[in-house]
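S.K.: Shown below is the structure under consideration.
The values are calculated or read from the model by the stated rules, or taken from the named source; none is laboratory data. A quick note: this is a predicted structure, and the numbers were derived from the prediction, not measured. Positions of Cβ are backbone-derived with ideal geometry, glycine not excepted, and every protein chain shown enters the neighbour counts.
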Amino acid sequence: MARYELAGRVVAITGSTGGLGGALATKLRERGAKLALMDLDGAASAAQAAELGDETVARGYAIDVRDYDSVQHAIDAAAADFGKLDVVIAGAGIGKPKPAELMDPVEFETTIDINLNGVYRTFKAALPCVARTEGQLVAISSMAAFIHSPLNTHYTASKAGVWALCDSLRLEVRHLGITVSSVHPTFFDTPMMDGVLADPAGAALWGEHKSWPWKMVPRETVINDTVRGIERRAKITVIPKANTPVARAAGFVGPLIDRVGFIRNPIPRTIEIAHQHVRPD
């Protein structure tokens with residue numbers, strides 16, 4: 001497939017002011033893309049847009065991916081302001097490790113609602129726009145879609161769901177010329193990861209991300225590979241690329257990761273640490 005040139009394309013990003021969203025917006029602007037930056041904090045996304053250029057190339061919008069009307073309003077406004085939408089990236093997401101027994105049901109439900117249902121709402125609202133441009137729908141998933149860690153029932157379920165959603169929707173809309181893609185990075189430096197590292201249970205579970213298979217990759221690697229995936233209209237982008245066999249054969253590799261990845265961090269001890277540091281909501 002020919003390279004999908006980003007210069008002049010209009011790209012919408014939800015969760016635009018987050019660690020990944022912000023860096024991705026900067027890289028896409030460098031490629032010549034015009035940006036519809038969408039975040040729960042509309043003032044923050046407007047300020048972000050002002051830093052990247054004037055209103056002809058970047059605009060900020062308030063969006064709550066938990067509310068379909070809010071999503072539809074932001075998507076419609078961006079399409080009207082720029083005249084089209086070529087690529088829509090569903091990047092809004094949350095996640096913090098916690099044992100299921102300690103998790104309030106609301107926390108589980110909120111994670112699913114933002115990470116998975118938010119992708120569905122974003123894609124549903126954007127479908128008519130990207131159909132007109134034969135564009136792309138891109139969701140930020142995770143290696144957690146394939147490798148399921150303890151203390152992460154809410155997060156892994158949401159990210160596995162995103163992968164399945166993309167793979168299913170891809171078949172529904174390919175006759176319209178639309179590409180549906182999922183991006184699966186491993187751990188990398190973001191404010192969300194700062195929170196994980198600051199959590200004693202999270203730090204114990206993954207050995208502070210100092211060694212394989214939990215070692216973090218540079219944020220720039222994630223950004224560059226994500227952009228390359230968009231330019232290739234890739235069905236799936238695994239970051240780093242070396243993890244692709246794991247993603248392709250998760251059913252076979254998962255048991256190995258269970259043994260190798262967690263043997264130095266016994267799960268019962270990790271849960272005990274979580275109990276010791278639980279805070280009342």
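S.K.: Of (1) within 16 Å of the chain's Cα centre (by Cα); (2) at pLDDT 75 or above; (3) not small (G, A, S), I178 satisfies all except one. Which?
M.R.: Here I178 meets the rest and fails (1).
S.K.: Within the stretch 43-64, can you find the residues that are on the phi < 0 side of the Ramachandran plot and not in a helix (DSSP H, G or I)?
M.R.: D54, E55, T56, V57, A58, R59, G60, Y61, A62, I63, D64
S.K.: If you scan the stretch 84-114, which residues turn out to be acidic (D, E), modelled with pLDDT of 95 or more and assigned to a helix (DSSP H, G or I)?
M.R.: Those that are acidic (D, E), modelled with pLDDT of 95 or more and assigned to a helix (DSSP H, G or I): E107, E109, D113.
S.K.: Here are L151, L165: which of them is over 19 Å from P105 (Cα atoms) and of a type outside the set (F, W, Y)?
M.R.: The match here is L165.
S.K.: Closer than 30 Å to T244 by Cα, buried (at least 17 other Cβ atoms within 10 Å of the Cβ) and among the hydrophobic types (A, V, I, L, M, F, W, C), is that true of V87?
M.R.: Yes: the conditions hold for V87.
S.K.: Is there a residue in the stretch 149-160 that is over 25 Å from F82 (Cβ atoms), modelled with pLDDT of 90 or more and loosely packed, with under 15 Cβ neighbours inside 10 Å?
M.R.: No.
S.K.: For the stretch 90-125, give me each residue that is surrounded by fewer than 16 Cβ atoms within 10 Å (Cβ to Cβ) and within 22 Å of A234 (Cα to Cα).
M.R.: Correct list: K124 only.
S.K.: Which of the residues spanning the stretch 126-157 are in contact with an Asp or Glu (Cβ under 9 Å, 6 or more places away or on another chain) and in a helix (DSSP H, G or I)?
M.R.: Matches in the stretch 126-157: C129, V130, T133, H154.
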